[in-house]
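Q: I'd like to ask some things about the structure below.
The values are calculated or read from the model by the stated rules, or taken from the named source; none is laboratory data. Only a predicted model underlies this, so the values are computations on that prediction, with no experimental measurement involved. Positions of Cβ are generated from backbone atoms using ideal geometry, with glycine treated the same way; all protein chains shown enter the neighbour counts. For accessibility, only protein heavy atoms count, side chains too; no ligands or nucleic acids. Shrake-Rupley method; radii C 1.70, N 1.55, O 1.52, S 1.80 Å.
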Amino acid sequence: MIAFASGTLGSSEPGADTCLWAATGRAGGLSTGVYESGNLAEYVGDDDWAVAENRRRAVGLVGVGVDCLAVMGSVHGASVGVVSSGGVVAGVDALVSTSKGIALLALAADCVPLVLADARAGVIAAVHCGWRGVGAGVVAAAAATMRELGAVSIEAVVGPAICAGCYPVPAERTEYLRELVPTEVSDVACIDRAGGSFIDVRAGVSVQLALLDIEAIHVKACTNESTDLFSYRRDTVTGRQGMIISRA
Ligand SMILES: [Zn+2]
């Protein structure tokens, strides 16, 4: 697996606690056809053996074995799973861990995948957030769980996602989202103009992070425009890339 982007969260001072993160894209996996090649999702029709090998390579990017990979069964809600071992957690869109040697994976192909960490406190999270997640408040739910577990100063990396211009929606959807979120969020996330309605999920997540006092860096790429990334909007039957984080 070749990282689309990667880095560390935490202090850059020698010996300080750090967390490794990586964003994956299409490159460097074994899947073929519409899943070529780095698909990390087992539920999209790809070969299980290829997904397993791709996941093994993906966790390698953050220095962890595949047995210690925790994955969420996303449902576009705001439930959070706290994990201390690898495996699948169904029905959640956020995973939080305080365990060393565990990797957390958020999958997406247009929705926003993001990872969070307070490296000093040793608390990490991975979150899957589409427009429904913005409305449900999954980022705030993940941050609240992190703080309950000792996190104080949280940083985030927001992964590749579809841009507003590539994401036209029915006008009812922006109307609905406006009712769910504060004005600061809907002002950037809900776009209604003569040409139609659009949702900027990344911008909504950005403001939600800022309102939580979380500093974020962005892997700036539009999944629908970049052929290096999977996009559900563009291809419908396709793979999923991921944002992955581990606590070193
Ligand atoms: Zn775009």
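Q: Only one of Ala151, Ala189, Ala140 is modelled with pLDDT of 95 or more, closer than 27 Å to Gly122 by Cα and surrounded by 22 or more Cβ atoms within 10 Å (Cβ to Cβ). Can you tell me which?
A: Details: Ala189 fails: closer than 27 Å to Gly122 by Cα; Ala140 fails: surrounded by 22 or more Cβ atoms within 10 Å (Cβ to Cβ).
Answer to the selection: Ala151.
Q: Do you know which of the residues in region 15-37 that are of a type in the set (Gly, Ala, Ser) and over 16 Å from the mean Cα position of the chain (by Cα) is most open to solvent (accessible area, probe 1.4 Å)?
A: Step by step, filter region 15-37, then rank; the result is Gly15.
Q: Continuing with the same structure: Taking the condition touching a residue at least 24 places away in the same chain (Cβ under 8 Å) and farther than 19 Å from Ala151 by Cα, does Leu95 pass?
A: No; evaluated as a whole, the condition is false for this residue.
Q: Which of (1) on the phi < 0 side of the Ramachandran plot; (2) out of contact with any Phe, Trp or Tyr (no Cβ under 8 Å at 6 or more places or on another chain); (3) more than 14 Å from the ligand (Cβ to nearest atom) is the odd one out, the single condition Gly196 does not satisfy?
A: (1)
Q: Could you please give the count of residues in region 214-248 that are surrounded by 21 or more Cβ atoms within 10 Å (Cβ to Cβ), within 16 Å of the ligand (Cβ to nearest atom) and hydroxyl-bearing (Ser, Thr, Tyr)?
A: The qualifying residues number 3.
Q: Give me the residue from region 193-210 that is touching a Lys or Arg at 6+ places or on another chain (Cβ under 9 Å) and part of a strand (DSSP E or B) and, out of that set, farthest from Ser153 (Cα to Cα).
A: This residue is Ser197.
Q: A follow-up question, please. Would you kindly identify the strands (runs of 3 or more DSSP E) lying entirely within region 1-85 that contain at least 2 residues that are touching a Lys or Arg at 6+ places or on another chain (Cβ under 9 Å)?
A: 3-10, 18-24, 69-73
Q: If I filter region 154-175 down to residues being aliphatic (A, V, I, L, M) and either open to solvent by less than 10 Å² (accessible area, probe 1.4 Å) or over 15 Å from Arg202 (Cβ atoms) (or both), which single residue comes out as farthest from the ligand (Cβ to nearest atom)?
A: It comes out as Ile154.
Q: Charged (D, E, K, R), open to solvent by less than 40 Å² (accessible area, probe 1.4 Å) and over 18 Å from Leu30 (Cβ atoms): which single residue out of Asp67, Asp46, Asp93 fits that description?
A: Asp93
Q: A further question on this structure: Select from region 192-213 the residues that are exposed (fewer than 14 other Cβ atoms within 10 Å of the Cβ) and out of contact with any helix residue (DSSP H, G or I) (no Cβ under 7 Å at 6 or more places or on another chain) and write down the one among them that is farthest from His128 (Cα to Cα).
A: Among those residues, the one meeting the criterion is Ala194.
Q: Read through the list (1) within 13 Å of Ala125 (Cα to Cα); (2) exposed (fewer than 15 other Cβ atoms within 10 Å of the Cβ), then give the number of the only condition that Ser85 fails.
A: (1)
Q: In addition: Can you tell me which residue in region 176-186 is nearest to the ligand (Cβ to nearest atom), limited to those that are over 30 Å from Ser6 (Cβ atoms) and either crowded, with 19+ Cβ neighbours inside 10 Å or basic (Lys, Arg) (or both)?
A: So, considering only residues that are over 30 Å from Ser6 (Cβ atoms) and either crowded, with 19+ Cβ neighbours inside 10 Å or basic (Lys, Arg) (or both), the one nearest to the ligand (Cβ to nearest atom) is Leu177.
Q: Moving to a separate point now. Among the residues of region 106-119, count how many are within 15 Å of Leu20 (Cβ to Cβ) and not in a strand (DSSP E or B).
A: So the count comes out to 1.
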